[in-house]
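What follows is a short report on a single structure.
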């Protein structure tokens, strides 16, 4: 089944609210012309679950009323999650972790460079060029 943009919005709404009544869906998607047919199609193709079942014992469809509840099926959840690109996992793995690693590696490099570099004499201990020249003349 090909899911259009309006059906994707409907699935996202149900995904966000866990269980939703048909009345609240009608209120939220009042501009959507084929809401009833879309919901029936999503239930039939197992994107949504009609709480209490969508068929009676004889296999006839149970009519959708204002009190009918819908929740997300696993197939619908996978559709919604595939459309989400900016979530917590993305932020942590692609933004925060690289920044933290860069800062830690920079600090570690600076620390090791200063610790492992040969000891430098301070300016007071090291003789200046002028003092070296004077010492050479006196010898």
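Once you reduce the range 61-84 and the range 6-28 to the center of their Cα atoms, the two points are 8 Å from each other.
With neighbours defined as other Cβ atoms within 10 Å of a residue's Cβ, the residues 7, 89 order from fewest to most as 89, 7. From least to most packed, judged by other beta carbons within 10 angstrom and beginning with the fewest, 43, 100 follow the order 100, 43.
Here the contact order of the range 5-83, divided by its residue count and restricted to Cα pairs under 8 Å and six or more residues apart, works out to 43 percent.
For a test of the definition: using alpha carbon positions, the gyration tensor, and the 1.5 limit on a/c, classify the range 5-83 as rounded, prolate or oblate. Oblate, because a/c is 1.5 or more while a/b does not exceed b/c. As a proxy for reagent exposure, ranking 11, 110, 69 by other Cβ atoms within 10 Å from fewest up yields 110, 69, 11. For the range 63-101, backbone nitrogen atoms closer than 19 Å to the point 7 Å from residue 2 Cα along Cα-to-C-beta are found at 79-80, 83.
Rule-based calculations on the coordinates, nothing more; no lab input. Predicted, not measured: the structure shown is a model, and the values here were computed from it. Please note: Cβ atoms are built from the backbone with ideal geometry, for glycine as well, and neighbour counts cover all protein chains shown.
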